[in-house]
Amino acid sequence: MADMSFKLKEGLLLGTATAGAQIEGGDTNSNWARFSAEGKIADGTSILRATGHWERWREDCELMARMGMQIYRLGIEWSRIEPKRGEFSEEALKRYREEILYLGELGIKPLVTLHHFTHPLWFEDLGGFTSKEAPDLFMRYVERVIDAIGDVAAEYITINEPNVYATNSLFYGQWPPEKRSMGALVRAFTNMTACHVRAYEYIHDRRREMGYDDTKVGFANHLRIFEPKNKKNPWHRLCARLSEWLFQGAITEAMMSGSCRFPVGRAKGVRKGKYYDFIGINYYSRSTVSGIADGVREGCFKNDLGWEIYHEGLIELARRLGDKYGAPVYVTENGTCDNTDAFRPLFIYEQLKAISESDNPIERYYHWSFVDNFEWKEGESARFGIVHVDYESGERTVKASGRLYSEIIRSGGVSEEVYRELVEPCKYHY
Ligand code: BGC
């Protein structure tokens, strides 16, 4: 019988990622709170419920610690911190500071996301990132945050997935504010580049003034593999190359190095430079391309949202970006929608095995996600957590995938025994 055990790549740190709005609940001031109230969520649920983390944060941190997590990516909410334009909530800042301090006490290293799809309604109504004022307003928020937590948090993600935000919200019209405009997409990409570059520089400068030299700043880049459906077909090849550039190539170059090319416009005040201390990759799937819209390969294993399961894609992207940008890769998100945890243990096993057995610059892996949470347009119906959430009672229960993940951290790999108990019974579906 083949040996199914593996040892974790030396030095690889493991933890999970969440976003504030997806777990906290109760914040009525964001673009997604309004979108939920308008009845736009597929299953009729609302972001206002989520998992109740705003109250349960201590319990969640303690559970993470018991599970052995070494790192944790958490989001903070602009709409809580600046509910009205120019009015900042000391209480919200204090609450985030407490959580970050507590994580530190529990031995978990925090990586703080400053923007993850949600923002205050007043900012949305100005045009969000399409507004000329966006970079200045974003920076004023960032400055307040760094003043409040800069001494206790060293590592930051400025913006989560600018491409997913801009395409879903401004080009395909599926997310708030439901726009369909190429011009809006270009303006948002351009302004988000300015926001990222300015925040990168500011956080470094400000923390240096505070006396710290361990600052790390980057952004979480949603990357996919774009594969022509038929490699011999020049149209498929062209569409794959174009989709890749428009969706992720241009924005990656702009935010990493300040080099702006269509669909990113020339961002004001942005010079060419190096605006990352790590390469943040959010990886989920591969697209099979035969035209303008993405497709999924026929006959492959898929998750419960129909996304192809393709672990090699992450390794390939890490290698590609590692070679190009010469920095450590943090997998700032990777995970899968599996509503019954029927195959997530197998997914985690295969992905971590692939990372551990191949040559790549991955240094950290943040599994998406810690708890089941509010999955944007899908609401509560799509589960990504290694910990189950009963949305009625808020009760948390560690899933088999959570047990496996803890065991991998504890023992530094997967033994034959653990494989047989937790991985072997799993099955993917088509
Ligand atoms: C986002 C998360 C989301 C996850 C699963 C990523 O694109 O950053 O907020 O829940 O994918 O869809």
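Assorted remarks:
- Within the range 332-360: backbone nitrogen closer than 14 Å to the V296 label point (7 Å, Cα to C-beta): 336-339
- One chain, two ends: Y172 and D136. Fully extended at 0.36 nm per residue, the span grows by 10.3 nm beyond their Cα-Cα distance.
- For the pair the range 282-313 / the range 185-264, the C-alpha centres are spaced 21 Å from each other.
- Put simply, when 34-41, 252-259 are sorted by average Cβ atoms within 10 angstrom per residue, most first, you get 252-259, 34-41.
- The distance from the alpha carbon centre of the range 366-430 to that of the range 44-107 is 21 Å, rounded to a whole number.
- Mean separation of Cα pairs under 8 Å and 6 or more residues apart, divided by the residue count, gives the range 6-423 a relative contact order of 19 percent.
- Relative to the Cα centre, the charge distribution of the chain, modelled as +1 at Lys and Arg Cβ and -1 at Asp and Glu Cβ, gives a dipole magnitude of about 1720 debye.
- Unit charges at the beta carbon, dipole of the range 6-423: most positive-side option, S406, C195, Y141: C195
- In the context of the full set of protein chains, the range 6-423 has a per residue accessible area of 38 Å² (1.4 Å probe).
- Share of carbon and sulfur in the accessible heavy-atom surface of the range 6-423 [1.4 Å probe, %]: 48
- Longest to shortest principal axis, alpha-carbon extents of the chain, angstrom: 63, 55, 46
- Partners for K399 among aspartates and glutamates (Cα-Cα distance below 13 Å; same-chain residues under 8 apart left out): D338, D341, D372, D390, E407
- Looking at the range 247-355, the trypsin sites (Lys or Arg not before Pro) that sit in a DSSP loop and have at most 15 other Cβ atoms within 10 Å of their own Cβ are R261, R266, K268, R271, K272, K274, R297.
- As a calculated quantity, the FRET efficiency between D43 and D213 at R0 = 41 Å, using C-beta atoms, amounts to about 0.30.
- In the chain, taking the dipole from charged Cβ atoms about the Cα centre, the farthest positive-side position among Y172, F278, N233 is held by N233.
- Pairs from the table (K179/K229; K84/K377; K9/K232; K232/K302; K7/K302; K84/K216) lying more than 32 angstrom apart at Cα are K9/K232.
- With both residues required to sit in the chain, DSSP beta bridges show an antiparallel share near 25%.
- Student exercise, the range 120-169 dipole from Lys, Arg, Asp, Glu Cβ charges, in Debye to nearest 20: 100
The values are calculated or read from the model by the stated rules, or taken from the named source; none is laboratory data. Only a predicted model underlies this, so the values are computations on that prediction, with no experimental measurement involved. Positions of Cβ are generated from backbone atoms using ideal geometry, with glycine treated the same way; all protein chains shown enter the neighbour counts. Ligands, DNA and RNA are excluded from the accessible area calculation, which covers all protein heavy atoms including side chains. Shrake-Rupley method; radii C 1.70, N 1.55, O 1.52, S 1.80 Å.
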